[in-house]
1. Which numbered condition in (1) more than 19 Å from the chain's Cα centre (by Cα); (2) surrounded by 15 or more Cβ atoms within 10 Å (Cβ to Cβ) is the only one that TYR195 fails?
2. Which ones in the stretch 270-279 are surrounded by fewer than 20 Cβ atoms within 10 Å (Cβ to Cβ) and among the aliphatic types (A, V, I, L, M)?
3. Being buried (at least 22 other Cβ atoms within 10 Å of the Cβ) and not in a helix (DSSP H, G or I) is the filter here, so list the residues in the stretch 165-192 that pass it.
4. It is to be established whether one or more residues within the stretch 296-313 are of a type in the set (Lys, Arg), more than 30 Å from ASN26 (Cβ to Cβ), touching a Gly at 6+ places or on another chain (Cβ under 9 Å) and not in a loop (DSSP other than H, G, I, E, B).
5. Considering only residues of the stretch 13-55 that are assigned to a loop (DSSP other than H, G, I, E, B) and at pLDDT 95 or above, which is surrounded by the fewest Cβ atoms within 10 Å (Cβ to Cβ)?
6. For the stretch 199-287, give me every one of the helices (runs of 4 or more DSSP H) that falls completely inside it and has 2 or more residues that are closer than 15 Å to GLY93 by Cβ.
7. Could you list, in sequence order, the residues of the stretch 110-139 that are within 22 Å of ALA303 (Cα to Cα) and out of contact with any Leu (no Cβ under 6 Å at 6 or more places or on another chain)?
8. Inspect all residues belonging to the stretch 135-156 and state whether any of them is farther than 23 Å from ASP80 by Cβ, buried (at least 21 other Cβ atoms within 10 Å of the Cβ) and of a type in the set (Phe, Trp, Tyr).
Amino acid sequence: MTLNPFDPRLFRPEAISAETRAFNANLAAQMKGRPKPWETQADGAGPSRMFAAPQSPRAKTIVAEVKGRPPVELHVVAPDNPRGVYMHIHGGGLIMGSAKDQDPMLERIMHATGLACASVEYRLAPAHPYPEGWDDCETAALWLANHAKAEFGSDWLSIGGESAGATLSVPTLVRMRDKHGFTGFKAANLSYGNYDTTMTPSQKWIGGESFFLETRDIQYCTGLYAPDPAVRREADMSALYANLANMPPALFTVGTLDAFLDDSLFVYARWIAAGNEAELAVYPGAIHGFNMFPYTLAQDANARIDAFLKAQLARA
């Protein structure tokens, strides 16, 4: 049964499948007593791998160079004749992770949609706090806006990412609109982003290792990438407070046990209120980062992401 994303049945304990419950319990057992990845992160001076994912044989590096801005590497996984470009921004709390982390996911999207996937190797905190990672994503978007046709044979552009990647995707779209007059991105795939750095209610009440990402983890990362509390509610950092007019169609993906549940619910509503198209996919019992794991709920979410990108591409 497909439910409206605001149907209360989605948020009740009985909506969580037996498989999802077992997955959450198993992950909690594995995590018990172990430091979380971000608690042992490096100094943020360079990319730090979060996953031991195999590298795609199609992977290559392109350097995006825009006059007056530091160059940014794009990790590209592309088919022979791309139908368009998906600008991907990786997760990692803005303090860890790498564009090379998720080649299996990029390959999945490439095969499902025909899009060239270009993942941004943005600078990480604490060595590079706000706004440096934001600036790198803007540079990548500017470069793609001007070079996608020549490099990939298509100027159809989409954007998206998971967690920190979704967090950075929205201000990238807003910067491109406001600073460069560019509204050429045709789709936004936004999975469980943090859209209020001053913390939404769900960020504050989440707790327990079964939920993987806890309030203290969010506070830890925030203190590194946004050490100045005075800027945390600025629209460039917290998309909930941004002017969201003239944004592309978006898919918001989130689980009911994700600390960033409210973030997706709130920004989805604001996306709609600004006159844009949007879809909200809520997954009962899903934790933060759930679609990176091999189980049914993740497969369902990834299939919907692929279908969303394909549908937006078909409109072209």
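The values are calculated or read from the model by the stated rules, or taken from the named source; none is laboratory data. None of the values given here were measured: they were computed from a predicted structure. In this analysis, Cβ positions are derived from the backbone assuming ideal geometry, glycine residues included, and neighbour counts consider all displayed protein chains.
1. That leaves (1) as the condition not met.
2. The answer is ILE272, ALA273, ALA274.
3. Result: PHE185, ALA187, ALA188, ASN189, LEU190, SER191, TYR192.
4. Initially, the stretch 296-313 is screened for residues of a type in the set (Lys, Arg), giving 304, 310.
Subsequent filtering for residues that are more than 30 Å from ASN26 (Cβ to Cβ) retains 310.
Then drop every residue that is not touching a Gly at 6+ places or on another chain (Cβ under 9 Å), which leaves 310.
Retained after the next criterion (residues that are not in a loop (DSSP other than H, G, I, E, B)): 310.
There is at least one residue in the stretch 296-313 that is of a type in the set (Lys, Arg), more than 30 Å from ASN26 (Cβ to Cβ), touching a Gly at 6+ places or on another chain (Cβ under 9 Å) and not in a loop (DSSP other than H, G, I, E, B).
5. If we take residues in the stretch 13-55 being assigned to a loop (DSSP other than H, G, I, E, B) and at pLDDT 95 or above, then SER17 is surrounded by the fewest Cβ atoms within 10 Å (Cβ to Cβ).
6. The qualifying helices (runs of 4 or more DSSP H) are 215-225.
7. Within the stretch 110-139, MET110, HIS111, ALA112, GLY114, LEU115, ALA116, SER119 qualify.
8. No, the stretch 135-156 contains no residue that is farther than 23 Å from ASP80 by Cβ, buried (at least 21 other Cβ atoms within 10 Å of the Cβ) and of a type in the set (Phe, Trp, Tyr).
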